[in-house]
Amino acid sequence: MDGLLFDIAEASIHDGPGLRITVFLKGCPLRCRWCHSPEGQSARPETLVFPGGTRLAGEYWSAQKLAEYLLDKKELLDGVTFSGGEPLLQADFLLEVLDMVEDALPSIIDTSGHGPYDKLKALAEKAESLHFGLKLLNEEKAKLWTGQGSALIIDNIRRLDKECATPYCFRLPIIPTITDSEENLTAIANLARELNNLTSVDFLPYNPASGGKYAACGRAFDPGFDENAPTLLDLETFRKLCPVEARVLE
Ligand code: SF4
């Protein structure tokens with residue numbers, strides 16, 4: 001079957017251990033106000049308009065073509081990361097790809113966790129590890145800032161932790177005064193204490209270039225928070241609450 005990709009990053013070093021290829025799958029059920037990949041949200045191809053020209057975001061690839069592309073580079077790589085957008089939206093396509101590459105290339109699934117549990121589990125069972133891109137655990141605040149509540153995500157993580165041994169980390173974007181509030185960080189540390197297969201909580205500094213692609217998508221960037229506010233994250237305090245390694249990634 002075909003999947004819709006909006007980018008492939010070769011020689012990626014930020015999406016997991018070693019040198020990897022990151023495949024970006026198009027379409028996401030969330031609408032994070034700070035999303036720095038707005039062209040990954042729509043589940044259809046779209047034309048980005050830049051001052052110097054246009055670029056198509058979204059190309060259909062067969063599972064066979066993507067698997068062959070990845071296997072062709074396997075000697076040079078430590079693994080492949082499937083990101084988005086939201087990989088769970090194209091789980092059947094991704095399962096086909098994983099069936100073909102899993103023996104040759106370790107894979108990471110980078111997901112918000114918002115999607116059908118059976119698909120999440122099927123992907124997790126074929127992956128080396130997962131990155132859960134957590135944002136806000138409070139249901140109403142999650143709806144306000146990401147367009148979707150957090151209940152499904154939290155349920156999926158708790159269930160997967162009981163039913164699948166694949167390790168995973170949390171990756172939390174530091175959105176000043178929003179995701180780094182004491183309430184949110186305490187909730188994340190409390191959730192972490194319930195889990196067995198969580199390996200680390202990784203904080204991702206806010207990307208000040210987040211708004212750069214909105215104009216190309218024909219949209220206004222209106223994050224609704226002060227992008228220049230200092231973070232409320234106190235890593236040492238968080239480490240005292242959190243049962244696993246906590247770190248800020250570069
Ligand atoms: S989950 Fe990721 S891709 Fe989806 S809207 Fe949020 S930041 Fe963007």
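Nothing in this text is a laboratory measurement; each read-out follows from the coordinates by a stated rule. Computed from a predicted structure; not experimentally measured. Every residue, glycine as well, gets a Cβ built from its backbone with ideal geometry; the counts of neighbours run over all protein chains shown.
In Å³ and rounded to a whole number, note down the convex hull volume per residue for the Cα atoms of segment 155-248.
Numbers: hull volume 11.6 nm³, N = 94.
Convex hull of Cα atoms, per residue: 123 Å³.
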Next item on the list: For the chain, calculate the relative contact order in percent as a whole number, restricting contacts to Cα pairs under 8 Å that are 6 or more residues apart.
Entry: 18 percent
Next item on the list: Taking 7 Å along the Cα-to-C-beta vector as the label spot, tell me the residue 159-residue 121 distance in nanometres, rounded to one decimal.
Entry: 0.7 nm
Checklist line | When each of 74/135; 119/240; 73/126; 65/121 is checked by Cα-Cα distance, pairs over 31 Å | finding: 74/135; 119/240
Check: Could you give P(r) for segment 16-70, binned at 5 Å from zero, as whole percent values over all Cα-Cα pairs?
Finding: 4, 15, 19, 20, 22, 14, 6, 0
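Can you tell me the alpha carbon radius of gyration of segment 161-214 divided by the globular rule-of-thumb value 2.2 N^0.38 Å?
Details: Rg = 13.8 Å, N = 54, 2.2 N^0.38 = 10.0 Å.
Here the Cα radius of gyration is 1.38 times the empirical estimate.
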Item checked: Those residues of segment 62-79 whose amide nitrogen sits under 13 Å from the label point placed on residue 104, 7 Å along Cα→Cβ -> 64-77, 79
Notebook entry, point to check: Are there cysteines in the chain with no other Cys C-beta under 4.7 Å, and if so, which?
Noted result: 28, 164, 169, 217, 242
Note to self: Modelling each spin label as a point 7 Å along the Cα-to-Cβ direction, I'd like the residue 11/residue 234 distance in nm, to one decimal.
What the structure shows: 4.2 nm
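How big is the Rg/Rh ratio for the chain, C-alpha atoms only, Rh by Kirkwood, two decimals?
On the way: Rg = 17.7 Å, Rh = 18.6 Å.
Using only Cα positions, Rg/Rh for the chain is 0.95.
Per DSSP H run of n ≥ 4, the term is -39500 (n - 2.57); total these for the chain, divide by its residue number, and report the mean residue ellipticity at 222 nm rounded to 500 deg cm²/dmol.
Values: 7 runs with 72 residues, N = 250.
Rounded to the nearest 500, the figure is -8500 deg cm²/dmol.
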